[in-house]
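J.: Got a structure here, written out as C-alpha cells. Questions coming.
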Amino acid sequence: MATVALDAGFERKLGDEEGGASHDMDAELWGGLQLHIGLERVFAKLPFREFFQLRLVCKEWNRLASDRAFLEESFREYLIPKPYFVLDAQGLDDKVRGLLARDRSSGLWSWTRLSSSGSTEFWSMSGLVYSDVELANYERERKVFNLHTRLWLTLPPPVEITLNYHPFTGMIVDTSMRPYAFQFIEGSEDVSTQIFNSRSNSWTTKSSRQYGMSPGRTTVAFCKGVLYIRCELDEIVIYDTEKDKWDGINPPEFGDSDDFLRGIGAWQSRVFTPSVDPNQRVIRVWELVRPAEQQESWVEIDSMPGELYSWLFYENSDPPVDVRDLQILASYCDEHILVYAWFMDDEEYGARGDRFVLFNLATRTWQKLELPFGPITEQLPSQGRLFPIV
C-alpha cells in the first residue's frame, strides 16, 4: 500500500499514545482528510472519461475539470494538440461541423464531429466554439463549448432581445486564465450592443448599435482592441471595444471572390485574410498593415503554389468537378491557416472533403494534406477517425 506524507499533527492522530495501534475511525479526522491530501492527486489517478463523467460529484471536482493547467499535467495525452481546426461545411441536409486535430505522438489527424443541430451561428476562437439556436418569440439560446475542457456553457438571456435573425457576434478570449474567460459581444440595429462576461456570468449594454445583419457563415478575430467579423458581405465588420463603435472596412482590393473563401484570423497582433481569385487561378494571403487608420491597407504576403491550387480545385479530375459545387473554406490556429475544399456531388447526393492545404504564416510554407473525409452519403465522418499525413 502506498504511503502518504501527512503533517505532524495529523500523523500523531493516527496511532495511540503507546503502541501506535489504530482506534475506531475518528469522524473529525477522516472528515477533514481532504485538507491534508490534495484531491487533485486522487482525481489524476482516474481514467480520463470517468473523470469527466463524475465531475458533478463536488464543486472542487467540477472546478478541476475546467482547469487547463491541471488537465495538462494530469491528462496531457488527451488534450487537443496544436494546430487544431474547427470545420464548418455544408453537408447533405445539414452542416458538417467538427474538430480536426493532430495527435502529438503519431502525427495522425483525428476528426470529432461537434453537435450544433439547429444552430444558425457557428464560429470559434481560441478553442471556444459559439453556436446559437433560435427559440420562440425571437429569443435565442446562446452556447459556448470549450474544446479544451469538453464543457458547454449556456449563456443567460441578454438584457434586450434583438429581432435580427443574424446579429453580428464576436468574442474576446482571455487565455491567461484557466479555464479561459471570455467576453461575448453582440451587435444589432434594433437594440444596444450587448456584452456577456463569463467571469460575472452577466450581461452589460453599450450605447452603440450595428447596422444590418450577418447574412451567413462567419469567422471572427480580435486584435489590438478591435473585433473583426468576416461573413458573406462585401466589407469586413469591425467593433472597436474602447470606442464602442461599429464600422466596416474593405477587404483586399484584388482577388476577393463572392463565391469562395471568406475568412479572417489574427496572430501576433496582426490580422490576416485569404482570398480566391478564380480568374487568375490563385489563392492569396493578405495582411492588414494599418488597421488603426482611416484608410486601411492590405498587403499580399504570399500565394498558394499553382499545383496546389489546381489540386485543391479538382482541376483535370476524372470525372470532372464543376467548381460551382465546391466550397473553398478556411480555419485558423495561431500561425496556421487551413484552406480546404468541400465538394457537393448533386448526382450522387453526397459530399466529401478530402483536399486540405496548410499554410504557415511564420515560415511562409504550404503543405498538402489528403484527409479522406468522404465520400459522405448517409454516414457522416465518425468520431475518432485517424488520417495519415500525405
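Only the coordinates and a few stated rules stand behind these numbers; no lab work does. All values derive from a computational prediction rather than experimental measurement. Because the Cβ atoms are built from the backbone with ideal geometry, glycine has one as well, and the counts that use them run over all protein chains shown.
J.: Going by amide H atoms built from the backbone, whose H comes under 5 Å of the H on residue 155, apart from near neighbours?
T.: Under 5 Å from the amide H of residue 155: 142, 143, 144.
J.: Sticking with this structure for a sec: Near the amide H of residue 181, under 5 Å away, which other amide H atoms are found, from residues 5 or more places off or on another chain, if H is placed in the peptide plane?
T.: 174
J.: Still on this structure, please answer the following. Between residue 62 and residue 82, take the C-beta separation as r, use R0 = 41 Å, and let me know the FRET efficiency to the nearest 0.05. Could you put the intermediate results ahead of the total?
T.: Working: r = 26 Å, r/R0 = 0.63.
Step by step, r from the Cβ atoms, then E = 0.95.
J.: Further, regarding this structure: At a Förster distance of 22 Å, what's the computed FRET efficiency of residue 245 paired with residue 301, Cβ-Cβ distance as r, to 0.05? Before the final figure, lay out the partial values.
T.: On the way: r = 28 Å, r/R0 = 1.28.
Using R0 = 22 Å, I get an efficiency of 0.20.
J.: Can you tell me which of 138-147, 332-341 comes out highest on packing, and rank the rest after it, using the mean Cβ neighbours within 10 Å? Walk me through the intermediate numbers first.
T.: Numbers: 138-147: 17.6, 332-341: 21.5.
The packing order, highest mean first, is 332-341, 138-147.
J.: Moving on to the next point. Rank-order 197-210, 214-227 by packing density, defined as the average count of other C-beta atoms within 10 Å over each peptide's residues, highest first.
T.: Numbers: 197-210: 14.1, 214-227: 19.3.
Ranked from most to least packed, the peptides come out as 214-227, 197-210.
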